[in-house]
Amino acid sequence: MTPNILSVSELTQQIKTRLETLFPQVRIKGEISNCKRHGSGHIYLTLKDEGAQIPAVVWKTTASRLAFALKDGMDVVAEGRLEVYPPSGRYQLICSSLTAAGEGALQQAFAELLQKLAKMGYFSPERKRAIPAIPETIGLITSPTGAVIEDMSKVLERRFPAARVMLYPVRVQGTGAAEEVTAGITFFNTSKKKQHRPEVIIVARGGGSLEDLQPFNGELVANAIYHSAIPIISAVGHETDLTIADMVADLRAGTPSIAAELAVPDTQELLRHIGNLQSREDRLLQAKLEGAERHLSSICSSYAFNRPPLQMQKFHDRIDSLISLMSRTIATTCSQRVQHYISAKQQLALLDYRKTLERGYVLVKKEGKFITGAKRLHPSNKVELVFHDGVLPAVISQEMLS
């Protein structure tokens, strides 16, 4: 039996159909060579590694969206579809996107984690806490060497030397960096000693590539920042760099130096503010004192305030009048009593028996009692004869009673 004989076009078409169906979308990593930009705007190049190579095409519309210029020797990650070009009998990669090698996977991981944490509310403004205005202690998580720690120390010393800075030294890139940064955040949050527990934490490092900043784009550090009970300022990279740590942190600073400025107040500005407050308080106090003095003066000059003294004066005048009246009354009463006494004395004097005796009368006493009638006397009774100038004893005789 004679096998089917295919034309070149038929075989090529079958290969095309099966290959393009089998690889509708691929992502490959390789080195660029033979890179040429056509006058039409299309870019033709070859992607190769140690064992193979594949031609590739970047159409004009895709080339216009590239964030970097393609050149020979550059390692890239290309994404696209395989296509067979029948006229030349070869296959090629039609690129839909190109990223620098190493960054492509990191960018994708960054985007996926960003989406995940956004859904979990890690970036929500409502959960972010305010940075203390005047912290006593600042926790600093960064590399102990390099320009970052030096620049931040200068800023902190210049702006607010009173703040106490605690450094937790860590690696800021490479293997183990994320774990060390996480351990630093945990240390400050769980320390039982008050002097080891700052009011604010700064996580900082200098600029670098996406790969260098990878520890701060991972979920480990993001979780540590999110669950920190202490407010955190993130200062990772340069102004243009934006990491997941920056977005989760309570405050993002463009550079480590800016983070130091945001963490503490300016001493001179603070002193000026205190001076202004003191001046304001002095003015308010002086105004209150002056107001109190005016109020007191008003009270002192008011009728209500002066009425008690006036009433007291009236009472004093009334008392003086009463005392004068009482003095006159007492004097009059005493005079009347004296006159009454004199009159009574004179009347009593008129009734005094001794005055009667002076006129020649005699009183008779018997046994110490005055005898008012002769019938009470008997002969031989002993009596006393009371004259005005003396007393004489006597005996009653019969003849005296006859």
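Laboratory data are not the source of any read-out in this text; all were calculated from the coordinates shown. None of these values were measured; they are calculated from a predicted model. Every residue, glycine among them, receives a Cβ derived from its backbone with ideal geometry; neighbour counts consider all protein chains shown.
Taking the Cα centre of segment 8-101 as origin, work out the dipole magnitude from +1 charges on Lys and Arg Cβ and -1 charges on Asp and Glu Cβ, in debye rounded to 20.
280 debye
List the pairs from Lys16/Lys36; Lys29/Lys116; Lys345/Lys366; Lys116/Lys193; Lys29/Lys128 whose alpha-carbon separation is above 32 Å, in the order I gave them.
Among Lys16/Lys36; Lys29/Lys116; Lys345/Lys366; Lys116/Lys193; Lys29/Lys128, the Cα-Cα distance tops 32 Å for Lys116/Lys193; Lys29/Lys128.
Once each part is reduced to its C-alpha centroid, what is the distance from segment 45-120 to segment 216-271 in angstrom?
34 Å
Where the centre of each part is set by its Cα atoms, how far does segment 375-400 sit from segment 272-318, in angstrom?
Value for the Cα centre distance between the two parts: 99 Å.
Cut-off is 10 Å between beta-carbons; in what order do His340, His196 appear when sorted fewest neighbours first?
By the 10 Å Cβ count, ascending: His340, His196.
Just need the relative contact order of segment 11-114 here, percent rounded to a whole number, with Cα pairs under 8 Å and 6+ apart.
Across segment 11-114, relative contact order equals 29 percent.
Mean separation of Cα pairs under 8 Å and 6+ residues apart, divided by the residue count of the chain: what relative contact order is that in percent?
Worked out over the chain, it gives 9 percent.
In whole Hz, what ³J(HN,Hα) sequence does segment 159-172 give by Karplus (6.51, -1.76, 1.60; θ = phi - 60°), x for Gly and Pro?
7, 8, x, 6, 6, 9, 9, 10, 9, 10, x, 9, 7, 10
Given the options Leu357, Leu251, Leu277, which has the most mean-square fluctuation in a GNM of the chain, springs set between C-alpha atoms less than 10 angstrom apart?
Per the Cα network of the chain with a 10 Å cutoff, Leu357 tops the list.
Within the chain, what is the longest stretch that has no GluC sites (Glu not before Pro) placed in a DSSP loop and near at most 10 other beta-carbon atoms within 10 Å?
51-238
Scan segment 14-68 for chymotrypsin sites (Phe, Trp or Tyr not before Pro) in coil per DSSP, keeping those whose Cβ has at most 11 other Cβ atoms within 10 Å, and list them by number.
Phe68
If I take every Cα pair under 8 Å that is 6 or more residues apart in segment 133-265, average their sequence separation and divide by the length, what percent do I get for the relative contact order?
Worked out over segment 133-265, it gives 30 percent.
Report, ordered by chain and residue number, the aspartates and glutamates lying within cross-link reach of Lys119, taken as a straight Cα distance under 15 Å and ignoring same-chain residues fewer than 8 apart.
Cα-Cα hits under 15 Å: Glu219.
Per residue of segment 324-334, what does 6.51 cos²θ - 1.76 cosθ + 1.60 with θ = phi - 60° give for ³J(HN,Hα)? Whole Hz please, x for Gly and Pro, Karplus curve as stated.
Working through the residues one at a time gives 5, 5, 5, 4, 5, 4, 5, 4, 5, 4, 4 Hz.
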